[in-house]
Amino acid sequence: MSPRLKSEFWVTALLRRAQSQGGFATVIRKGDPDAGIVLIVFRSGQGLKLYAPERNFEGERVWWPADMKDQAMLDTRINRRVDEDPDIWVVEIESDAAPEALIGETVEQGAREADPAEVAAQALFRDR
């Protein structure tokens with residue numbers, strides 16, 4: 001397992017990489033500068049995705065995309081994660097570049113299914 005970069009340094013590099021490839025990137029929520037987990041909101045012509053990191057069996061960080069149907073679903077997912085871990089960073093990228101090229105680490109191809117509880121809550125509170 002390789003040494004980890006500080007979150008703030010990694011986020012700064014991600015912002016510059018996105019901007020150098022013609023995209024727009026910004027920090028939506030600043031987390032712990034040393035060890036905060038980073039969530040990436042990716043907007044493109046192919047839709048809205050939320051990328052979250054996990055460790056694989058070799059200890060390397062890999063990114064899992066989750067398809068977001070709309071902004072409300074995205075907000076719900078992010079707010080839940082922030083409630084669990086207030087040190088989280090949230091970075092939003094708008095770009096036509098491949099997420100793999102911008103993130104610079106392994107990105108899994110298969111999107112994860114939406115959390116059934118989240119889908120039910122959104123259906124229940126849709127008009128509120």
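The values are calculated or read from the model by the stated rules, or taken from the named source; none is laboratory data. Note that the coordinates shown come from a computational prediction; the quantities given were computed from them, not determined experimentally. Ideal geometry is used to build each Cβ from the backbone, glycine not excepted, and the neighbour counts take in all protein chains shown.
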Every residue from segment 57-67 that is without any contact (Cβ under 8 Å) to a residue 24 or more places away in the chain and in contact with a strand residue (DSSP E or B) (Cβ under 9 Å, 6 or more places away or on another chain): none
Log entry, pairs with first residue in segment 79-94 being within 14 Å of Asp32 (Cβ to Cβ), second being of a type in the set (Asp, Glu), beta carbons closer than 6 Å, six or more apart or on different chains, reads Asp87/Asp32
Those residues that are of a type in the set (Ser, Thr, Tyr), surrounded by 12 or more Cβ atoms within 10 Å (Cβ to Cβ) and part of a helix (DSSP H, G or I), I need them from segment 1-44; list them, please. Ser7, Thr12
Members of segment 81-128 found to be loosely packed, with under 14 Cβ neighbours inside 10 Å, in a helix (DSSP H, G or I) and modelled with pLDDT of 80 or more, listed by number: Asp83, Glu84, Glu100, Ala101
Can you tell me which residue in segment 18-58 is nearest to the chain's Cα centre (by Cα), limited to those that are closer than 14 Å to Ile78 by Cβ and of a type in the set (Gly, Ala, Ser)? Ala52
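Let's see how each residue does on (1) out of contact with any strand residue (DSSP E or B) (no Cβ under 8 Å at 6 or more places or on another chain); (2) of a type outside the set (Val, Ile, Thr):
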position: Pro33; (1), (2): yes, yes
position: Ile37; (1), (2): no, no
position: Val41; (1), (2): no, no
position: Ser44; (1), (2): no, yes
position: Arg77; (1), (2): no, yes
